[in-house]
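The values are calculated or read from the model by the stated rules, or taken from the named source; none is laboratory data. Not measured: the values here are computed from a predicted model. Because the Cβ atoms are built from the backbone with ideal geometry, glycine has one as well, and the counts that use them run over all protein chains shown. In case anyone asks, the SASA skips ligands and DNA or RNA and just uses the protein heavy atoms, side chains included. Shrake-Rupley method; radii C 1.70, N 1.55, O 1.52, S 1.80 Å.
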Amino acid sequence: MIAIENITKTYRMGAVEVQALRGVSLKIERGEVVSIMGPSGSGKSTLMNVLGCLDQSTTGRYLLDGVAVDSMTDDQLAEVRNRKIGFVFQSFNLLRRLTARRNVELPMLYAGVENGRRRRAAEALEAVGLGDRMDHRPTELSGGQQQRVAIARALINNPAILLADEPTGNLDSRSGEEIMQLLLNLNHEHGITLVFVTHDPKIAQHTQRIIQVRDGLVEEGLA
Amino acid sequence: MNLTQGILSALEGVTANKLRSSLTMLGIVIGVAAVISLVSIGRGAQASVTAQIEQNGTNLIYVRPGSTQQGGVASASGSAGTLTQDDADALLSVAGVAAVAPELEGRGQVSYLGSNVNTRAIGVTPDYLTVRNMSLADGEFISEANVNARSSIVVLGSGVADDLFGGTAGAVGQKVRINSQPYTVVGVLASKGSTGLGSVDDQVLVPLSTAQARLIGGNRYRGASVLSSINVQAANSDEMDSVIEQLTLVLRERHDTIEGSDDFTVSNQQDLLATITEVTNTLTLFLGGIAAISLLVGGIGIMNIMLVSVTERTREIGIRKAIGARKRDILFQFLVESAVLSLVGGAIGNLVGWLISLAMGQVQFGSTSIKPTVDIDAVVLAVGFSLVVGLFFGIYPAMRAANLAPVEALRYE
Ligand SMILES: Nc1ncnc2c1ncn2[C@@H]1O[C@H](COP(=O)(O)OP(=O)(O)OP(=O)(O)O)[C@@H](O)[C@H]1O
Ligand SMILES: [Mg+2]
């Protein structure tokens with residue numbers, strides 16, 4: 001499903017170069033659940049952004065479903081983000097002006113879905129347990145509820161992969177636990193590939209595979 | 001994203017910050033309203049001046065002393081007294097001339113029972129009434145007998161009658177004094193409104209011979225009393241040019257002048273009209289230009305707001321891109337937003353401009369009122385221009401938004 005080879009990412013700030021990734025190779029198979037751990041500043045988010053096609057690597061190869069992502073145009077990348085990948089952020093990243101339902105509808109708009117958007121958005125919100133909060137705006141929802149909306153949005157175009165960068169980072173432990181349960185269920189019930197970043201070893205233990213990132217390099221190891 | 005969805009989400013963007021959107025639109029509203037109202041006032045002024053000139057009579061040719069300036073405008077008329085009654089008589093025999101009405105113009109202090117009016121006094125012949133396309137409100141006009149007898153009679157313009165008698169009725173038969181000489185009022189002219197060049201309502205008419213002998217006097221030229229101008233009416237509007245040519249030849253012969261050194265000027269309504277149309281067109285263009293500048297300022301306002309909005313909504317753009325928005329989706333969204341702002345602003349501006357025009361139509365400038373005309377082309381121009389302005393100034397911010405890298409936009413706080 002995902003195969004990256006010798007990925008590097010260099011940020012340039014004036015004269016100073018920061019190497020956030022220094023040659024990362026990884027393979028993630030369809031249906032896997034993978035957690036990524038590592039100290040702050042080690043390059044986890046950088047890696048997730050590259051995997052999620054939000055950012056492009058400086059060097060290295062990235063094959064997604066056998067397709068080379070490195071050589072894609074901006075618009076092709078947008079389509080990949082739209083259809084193949086669902087991304088869940090630590091800070092939810094919902095549009096504040098829109099209701100929960102409109103937020104969930106957005107990826108369908110960009111996918112050009114003509115019919116049934118309202119219905120499908122409503123179903124997705126029901127599936128994450130927010131059937132009674134559809135017309136609330138993000139500011140009228142709790143953190144856990146906002147993250148559920150974000151998950152419904154990430155899933156609405158039936159992506160094969162769900163990437164989550166510290167999805168529970170802004171939540172208390174109870175709603176964090178609920179969100180993790182929701183994500184793991186998605187894997188169990190629909191076989192969606194799940195990759196997430198976490199700082200919590202207890203959460204990481206739920207996963208089949210743990211990838212440690214240190215100083216821009218990965219070390220695989222079972223927890 | 002399809003068109004409808006794009007427009008809907010742009011509307012969401014516009015209505016999300018109502019105060020800011022209205023302030024942005026205000027710039028366009030003012031610009032468009034200014035274009036519409038100023039252009040319509042310019043056009044209205046042109047129409048009313050044209051109408052007034054046409055009112056003076058048809059097929060009218062003016063012969064004035066003095067030489068011609070460019071564009072057919074006579075230099076200070078009456079400055080050189082070279083036209084005489086003999087000239088007027090000679091012109092009557094030119095082929096194609098229907099009537100000739102010589103006049104001698106001066107100023108007169110007209111008084112009646114302690115009321116005073118300082119106005120234009122003109123000595124005329126009976127033909128003056130028809131040649132200048134005038135009619136009487138009361139009484140009768142100056143007759144041939146009056147002219148022959150140098151009668152002390154006067155026909156009042158309606159404005160003068162208003163001032164002295166409080167209306168056109170009741171003046172006939174009364175005695176007034178003009179420059180202290182007694183005159184009997186025999187008639188009152190019907191009102192024509194202003195010409196915009198000095199109202200024909202504010203004048204009094206006396207027999208030409210009376211004016212020459214007593215009231216105005218004036219110089220003599222070759223033994224005859226001078227005239228301040230000769231109005232000639234052509235029999236047929238198709239023959240205007242040839243009549244003018246004939247008149248000019250006859251006068252050159254009589255005055256012994258050659259082309260270029262004439263001591264008289266022959267002009268007609270069309271010349272005057274053309275000159276005035278040229279002037280008012282320039283005026284309209286000038287007013288429109290000033291208005292266009294305010295429209296441009298309004299457009300820069302849109303750009304400013306859109307730039308602020310792009311910066312402020314960087315995170316939104318990042319989120320949209322993260323979930324699959326392409327460049328063109330973002331570009332489209334911001335362009336539609338600025339188009340909506342400028343179109344709605346343009347529509348409101350049209351309405352406001354139209355209301356201003358209506359209001360201006362109610363205002364009296366002295367005895368003149370302008371009927372502003374809002375033409376469809378001005379409306380199309382203003383709205384089209386505001387849309388172009390909106391899109392033009394919207395494109396740069398929209399491009400900036402569309403070209404943001406998703407991850408950078410998301411990092412923006
Ligand atoms: N836009 C950027 N410009 C410059 N340097 C950056 C940029 N983004 C990240 N970095 C640097 O790259 C390195 C990796 O950052 P990254 O955000 O991937 O860390 P992380 O593992 O996600 O940390 P955390 O656990 O705190 O989220 C850090 O040293 C960071 O300073
Ligand atoms: Mg991070």
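Here are some residues: A:Asp172, A:Asp135, A:Asp165, A:Asp215. Which one is touching a helix residue (DSSP H, G or I) at 6+ places or on another chain (Cβ under 6 Å) and charged (D, E, K, R)?
Numbers: A:Asp172 fails: touching a helix residue (DSSP H, G or I) at 6+ places or on another chain (Cβ under 6 Å); A:Asp135 fails: touching a helix residue (DSSP H, G or I) at 6+ places or on another chain (Cβ under 6 Å); A:Asp215 fails: touching a helix residue (DSSP H, G or I) at 6+ places or on another chain (Cβ under 6 Å).
None of the other options fit; the residue is A:Asp165.
Identify the single condition in (1) of a type in the set (Lys, Arg); (2) within 16 Å of ligand 2 (Cβ to nearest atom); (3) open to solvent by 20 Å² or more (accessible area, probe 1.4 Å) that A:Arg12 does not satisfy, given that it satisfies every other one.
(2) is the only condition that A:Arg12 fails.
Residues B:Phe393, B:Phe385, B:Phe334: which one is open to solvent by 70 Å² or more (accessible area, probe 1.4 Å) and either more than 14 Å from chain A (Cβ to nearest Cβ) or part of a helix (DSSP H, G or I) (or both)?
So the residue among B:Phe393, B:Phe385, B:Phe334 that is open to solvent by 70 Å² or more (accessible area, probe 1.4 Å) and either more than 14 Å from chain A (Cβ to nearest Cβ) or part of a helix (DSSP H, G or I) (or both) is B:Phe385.
Checking the structure you have, find out if any residue of the range A:208-218 is modelled with pLDDT of 90 or more, away from chain B (no Cβ under 14 Å) and in a loop (DSSP other than H, G, I, E, B). Lay out the reasoning, then the answer.
Here is the first cut: in the range A:208-218, the ones modelled with pLDDT of 90 or more are A:209-218.
Then keep just the ones that are away from chain B (no Cβ under 14 Å); that gives A:209-218.
Right, trim to in a loop (DSSP other than H, G, I, E, B) and you get A:215-216.
For the range A:208-218, residues modelled with pLDDT of 90 or more, away from chain B (no Cβ under 14 Å) and in a loop (DSSP other than H, G, I, E, B): present.
In the range B:396-409, which residues are of a type in the set (Gly, Ala, Ser) and either within 14 Å of another protein chain (Cβ to nearest Cβ) or on the phi > 0 side of the Ramachandran plot (or both)? Walk me through how you get there before you give the answer.
As a first pass, look at the range B:396-409 and keep what is of a type in the set (Gly, Ala, Ser): B:398, B:401-402, B:405, B:409.
The answer is B:Ala401, B:Ala402, B:Ala405, B:Ala409.
When you look at A:Ile4, is it β-branched (Val, Ile, Thr), under 25 Å from A:Met180 (Cα atoms), away from ligand 2 (no atom under 16 Å from the Cβ) and touching a strand residue (DSSP E or B) at 6+ places or on another chain (Cβ under 6 Å), yes or no? Even if it seems obvious, please write down each step before you answer.
Values: β-branched (Val, Ile, Thr): yes; under 25 Å from A:Met180 (Cα atoms): no; away from ligand 2 (no atom under 16 Å from the Cβ): yes; touching a strand residue (DSSP E or B) at 6+ places or on another chain (Cβ under 6 Å): yes.
Spelling it out, it is not the case that A:Ile4 is β-branched (Val, Ile, Thr), under 25 Å from A:Met180 (Cα atoms), away from ligand 2 (no atom under 16 Å from the Cβ) and touching a strand residue (DSSP E or B) at 6+ places or on another chain (Cβ under 6 Å).
Does B:Ser135 satisfy the criteria of being closer than 16 Å to B:Leu205 by Cβ, open to solvent by 40 Å² or more (accessible area, probe 1.4 Å) and over 33 Å from the mean Cα position of the chain (by Cα)? Please lay out each step first, then the result.
Details: closer than 16 Å to B:Leu205 by Cβ: yes; open to solvent by 40 Å² or more (accessible area, probe 1.4 Å): yes; over 33 Å from the mean Cα position of the chain (by Cα): no.
Taking the combined requirement at face value, the residue does not satisfy it.
Can you tell me how many residues in the range B:250-289 are part of a loop (DSSP other than H, G, I, E, B) and open to solvent by 60 Å² or more (accessible area, probe 1.4 Å)?
The number of residues fulfilling the criteria is 5.
Counting only residues that are within 16 Å of ligand 1 (Cβ to nearest atom) and touching a residue at least 40 places away in the same chain (Cβ under 8 Å), which one in the range A:142-179 is most open to solvent (accessible area, probe 1.4 Å)?
Going through the qualifying residues, I end up with A:Asn170.
Mind checking which residues of the range A:96-141 are more than 21 Å from B:Ala10 (Cα to Cα), open to solvent by 60 Å² or more (accessible area, probe 1.4 Å) and not β-branched (Val, Ile, Thr)?
A:Arg119, A:Arg120, A:Glu123, A:Glu126, A:Ala127, A:Asp132, A:Arg133, A:Glu140 - these are the residues of the range A:96-141 that are more than 21 Å from B:Ala10 (Cα to Cα), open to solvent by 60 Å² or more (accessible area, probe 1.4 Å) and not β-branched (Val, Ile, Thr).
Is there any pair linking a residue in the range B:308-332 that is not assigned by TED's automatic domain parsing to the domain that holds B:Met399 to one that is surrounded by fewer than 24 Cβ atoms within 10 Å (Cβ to Cβ), with Cβ under 6 Å and at least six apart or on different chains, and which?
Here the result reads none, with nothing in the range B:308-332 linked to a residue that is surrounded by fewer than 24 Cβ atoms within 10 Å (Cβ to Cβ).
Considering each of B:Ile395, B:Ile348, B:Ile317 in turn, give the residue that is within 32 Å of the chain's Cα centre (by Cα) and within 19 Å of B:Leu11 (Cα to Cα).
Details: B:Ile395 fails: within 32 Å of the chain's Cα centre (by Cα); B:Ile317 fails: within 32 Å of the chain's Cα centre (by Cα).
Testing whether each residue is within 32 Å of the chain's Cα centre (by Cα) and within 19 Å of B:Leu11 (Cα to Cα) leaves just B:Ile348.
Taking the range A:35-71, which residues are in contact (Cβ under 8 Å) with a residue 40 or more places away in the chain, of a type in the set (Asp, Glu) and more than 12 Å from ligand 1 (Cβ to nearest atom)?
Correct list: A:Asp65 only.
Of (1) open to solvent by less than 60 Å² (accessible area, probe 1.4 Å); (2) among the charged types (D, E, K, R); (3) within 14 Å of chain A (Cβ to nearest Cβ), B:Asp375 satisfies all except one. Which?
(3)
Can you tell me which residue in the range A:15-34 is nearest to ligand 1 (Cβ to nearest atom), limited to those that are more than 20 Å from the chain's Cα centre (by Cα) and open to solvent by 50 Å² or more (accessible area, probe 1.4 Å)?
Applying the first criterion (more than 20 Å from the chain's Cα centre (by Cα)) to the range A:15-34 yields A:15-19, A:22-23.
Right, trim to open to solvent by 50 Å² or more (accessible area, probe 1.4 Å) and you get A:15-19, A:22.
Working: A:Ala15: 13, A:Val16: 9, A:Glu17: 9, A:Val18: 4, A:Gln19: 8, A:Arg22: 10 Å.
The selected residue is A:Val18.
What is the one condition in (1) more than 16 Å from ligand 1 (Cβ to nearest atom); (2) open to solvent by 70 Å² or more (accessible area, probe 1.4 Å) that A:Arg214 does not satisfy?
(1)
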